[in-house]
Amino acid sequence: MKFKTGIVLILSATTIGIDTSLITTSITADAQEEKSPTLSSNSVTQRTVTVYPSDFLTYFQRNGSAANFNYDIQNFVQTLTPNMKDQSGNVTLKTKVDMSQNFTLSGSINLGDKSSESGGADGVGFLFHPGNTDVVGVKGGAAGIGGVKGAFGFKLDTYYNYDGDPYFYPDPSEFSPGQAYGAFVNGTSGVAQTLEESAQPISQPSNNQFKPFKMSYDGTSKMMTVTYDGKIWQQDVSNLIGTNQSMAFSISASTGDNFNLQQLQLSNFQYTIAQGTVHANYLDENGQTLKATITTSGDIDTLYTTSQVTIPGYTFERVTGAAHIGTYQANAQDVNYIYKRNQDFATITYIDDTTGQVLTHKEITGATGESTNYTTKTDIATFLSEGYQYVSDNYPKAGVTFTNQPQNFEVHLMHKSIATTETKQVKEVIHYQYKNGKQALNNYVATPLTFTRTVTTDQVIGSKTYGDWMASSGTSFEKVTSPSLKNYTPDVPQVAAIDKVSGETKDIVKTVIYMKVPSAVKIPMDKDKVAPHNPSQPSESSKKGQTPSVPVTAQANKKELPDTGAKNGIAETILGVIVFLATAGWLKLRKNQE
């Protein structure tokens, strides 16, 4: 988007600095001597001045690109922007205008030699605002008005802006073909907005022609009237001025991609110089107001004086800003009296009665005689949420009133504990298995023994305290006889009773192994074979052998036993034992193989 160029008259209610990022030409000191106006009387009549062309440098300060061009003292012309891209220049009145009085500004304006369609821009604006005298608005479409809160003014606009930005709204659509126009501007919000009902077309810039321009203002009715190019504009600016009585004034112009030579020729400017204002502010070290500001006014360069005051609970420290005694200037001055608060204090100590330790230490301060809205409620609630329980405190429920003596308070808390019951069962199980680990009989499961105890948990640190186990169903298991199983015998005929079982006892698991009982095997004997003699010490297995069914009778009178069959019986017994042992060994081997 291209920036507009032009001259603008602006009235503003706030202070803003020049947007130097938009100025391509640096501000340079005037080669010509500029004098400040001199006043000596405080009457309105004596404060009313007339600025003639020869007085221009006495009353106006040149800035931006305007500072690069000397004031033409022969033709009384001040160049605001040269016929170049991206220029911004302005002149600011060194004193403020008293808006309760009338003023008249007359002269001529040169808007350049090109319309916007031919590459010309941007126009001239006139500004009034209550800020410092060196404050101007943003260049381009803002017409030197936008960017200054509370500003308002009048502009001769030679470039149409289709789009707005943070400093100005788009121009009225009726001028979209690029028609130059004049209008009042409301910039009180900081964004320049053309008052469409006041807008009227004007001739396009041509031949660098100077055209008469006049602005007059009625301090009573607040009506502002502008005459230019055969047109008249009138606007009630009372709502734009607000309560501001003194306002700074500037005339500005700028160029962008489009450009024009833009100049001002002053003929006469009659106005009443506003009195200077001094504000005596009474603040604490954080800039907060302790006492209402005292405002005084007086003629420029006359003496003012301010003084400190006594504020209970505070001690005066220093003065900042303007001196406490001085002279009134065009811009308002602030004398800041800084006070330090008398630091009376009270302490609140939060104590853990369970451990005896201090949980936290609060210190509150305030001026003597003041009260604090601090309560212990919030901090106590925080500790309760962390597992504490409230015990007591001596902090006043209505809060503390500070005195010149230290005050100390205590809040006592303790760890909250919760008691629960823990239950445990001790079980006894007996497994009945074969030697190979397979189940032989159903498990024996005794009725469990139940124990309970109390568990106390600290809600702050989570520690647990345990009581003793208490039996609910006895403390012993009875003896258990191993059940019989055909052809098998248990390795433990009876599992002994278990006494003194407690909650600390682990579950009891026993295993009983069942082994197969071997059966006797008969093997027929050959009668022709002679059985071996009985050993002098028979083995255990021979003792367990089957007893023969026919008794044997020995005959002592013969050397040899008669063939009664007794020898055969003995032999059969011996062979039976041998076969039994062999069979048992074979069975064991087979089981191992399985």
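What follows is calculated from the coordinates using simple rules that are stated; it is not laboratory data. Remember, it's a predicted structure, so these values are computed and weren't measured experimentally. Note: ideal-geometry Cβ built from the backbone for every residue, glycine included; neighbour counts use all protein chains shown.
What to note about this one:
- A Förster radius of 35 Å combined with the Cβ-Cβ distance from residue 391 to residue 446 puts the calculated FRET efficiency at roughly 0.10.
- Pairs spanning more than 23 Å between alpha-carbon atoms, out of 464/500; 427/500; 427/510: 464/500.
- Charge dipole magnitude, Cβ of K and R +1, D and E -1 - the stretch 418-516, Cα centre, debye nearest 20: 540
- The Kirkwood radius of the stretch 344-415, taken over pairs of alpha-carbon atoms, gives through the Stokes-Einstein law at 25 °C and 0.890 mPa s a diffusion coefficient of 194 µm² s⁻¹.
- For the stretch 159-234, the fraction of alpha-carbon pairs in successive 5 Å shells from zero, as %: 3, 13, 21, 22, 20, 14, 5, 1
- Out of every Cα-Cα pair that the stretch 415-483 contains, those further apart than 21 angstrom amount to 51 percent.
- Over all other residues within a Cβ to Cβ distance under 14 Å of residue 196, the charged ones net out to -3, with Lys and Arg as +1 and Asp and Glu as -1.
- Here the stretch 276-341 is treated as a sphere whose radius is the Kirkwood value from Cα pairs; by Stokes-Einstein at 4 °C and 1.567 mPa s it diffuses with a coefficient of 108 µm²/s.
- When peptides 276-288, 246-258 are ranked by their average number of other Cβ atoms within 10 Å per residue, the highest-first order is 246-258, 276-288.
- Put the Cα centre of the stretch 486-506 next to the Cα centre of the stretch 96-168 and the gap is 110 Å.
- Sorting 232, 338 by the number of Cβ atoms found within 10 Å of their own Cβ, with the fewest placed first, yields 232, 338.
- Sparse-neighbourhood loop sites, trypsin sites (Lys or Arg not before Pro) in the stretch 458-508 - DSSP loop, at most 14 other Cβ within 10 angstrom: 479, 486, 500, 506
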